[in-house]
Amino acid sequence: MRQKHGQNFLIDNNIANNIIKAANLERDDDVLEIGPGRGILTKIMQQQIKHLTAVEIDKSLFQQLNHHFSFRNIKNIDILNTDFLKFDIPNTKLKIISNLPYNIGTAIIQKILPLSNWTIAIFMLQKEVARRLAAQHGSKEYSYISIFTSYYASCKVLFDVSPRCFNPSPKVMSSVVKLTNKLSKQPSQIFFDFAKHSFGMRRKTILNCISSFKDLGKNQAIQIMNNLNLVTFLRPDKLSISGFLCLTNEIEKYTNPCPEKFRPS
Ligand code: SAH
């Protein structure tokens, strides 16, 4: 049976401590936790920082955790019973720590990374997804989410975690990653659109990816490749993030909604 809300609770205290250590918490930190569950990370972190906001979708877990802290009259924590994907992230300087619900891990990452108010994020997710976040061009894990991640953050895989450290055990290995905000400004929408389009057809050449993007066609695609001195048989997984950025700049010149006669020849 599929687990509701990707619930695999961490039961290994050493791993919990190592996740928290990776965030270099300080007394005046504000931390956001996504999916505190039974609170293994929550209960340790709360003692080390100024304030913790924890967002839990599951009503019964929320109630148990709320009871744990209110019973002890602990005040530096707000537990909210809501879906993180619909949650308005507070606009204060934050560290983010989470053993992510794996079924929506990349959606959560795409919600957080473009924001400028987080500094460090420590996430546990499936090993395979962690490798994709950190992948460089030329590797088989390099994909759209690698480009998205590396545009906004530097990403380091810290350590792997065995399924035995959870209850119930997930079917996959997990990894902990550390992301540091690069504070990049928002790129043009075409950058991400084109990267997504290209990785949707990763076995095709970049020439094919450009020709089929926004009706550019083969002739314009060849011109764009020539302008940048790119070889026509290059595939998307060999193109670095800066390569994608240059290509986007060039593509934009050809996709501007200006009349045909003013287009670059
Ligand atoms: N942090 C805990 C639980 C991890 S399991 C631990 O390490 O043991 C993932 C947690 O995320 C579960 O508690 C699950 O209920 C919660 N969750 C799943 N989807 C969520 C969502 N959309 N918003 C907030 N919490 C969510």
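The values are calculated or read from the model by the stated rules, or taken from the named source; none is laboratory data. These numbers come from a predicted model, not from an experiment. Reconstructed Cβ throughout: ideal geometry from the backbone, glycine too, with neighbour counts over all protein chains shown. Quick note on the areas: whole protein, heavy atoms, side chains included, nothing else; ligands and nucleic acids left out. Shrake-Rupley method; radii C 1.70, N 1.55, O 1.52, S 1.80 Å.
Worth a mention:
- Each residue, ASP160 and ILE44, gets one label point 7 Å from its Cα in the Cβ direction; the gap between the two is 2.1 nm.
- VAL231-ASP88 FRET efficiency (beta carbon distance; Förster radius 51 Å; 0.05 resolution): 0.65
- Using the Cβ-Cβ distance between ARG72 and HIS5 with R0 set to 41 Å, the FRET efficiency works out to roughly 0.95.
- Carbon + sulfur, % of accessible area of segment 25-143 - ligands and nucleic acids excluded, 1.4 Å: 48
- Remark: spin-label model distance ASN117-SER139 equals 3.2 nm, labels positioned 7 Å along the Cα→Cβ axis.
- On Cα atoms only, tilt of 59-71 relative to the major axis of the chain in degrees: 50
- Computed E for LEU80/LYS182 - FRET, C-beta separation, R0 25 angstrom, nearest 0.05: 0.35
- Here the gap between ASP12 and GLU128, fully extended at 0.36 nm per residue and compared with their Cα-Cα distance, gives a gain of 39.7 nm.
- Between ASP28 and SER60, the contour length at 0.36 nm per residue exceeds the alpha carbon distance by 8.5 nm.
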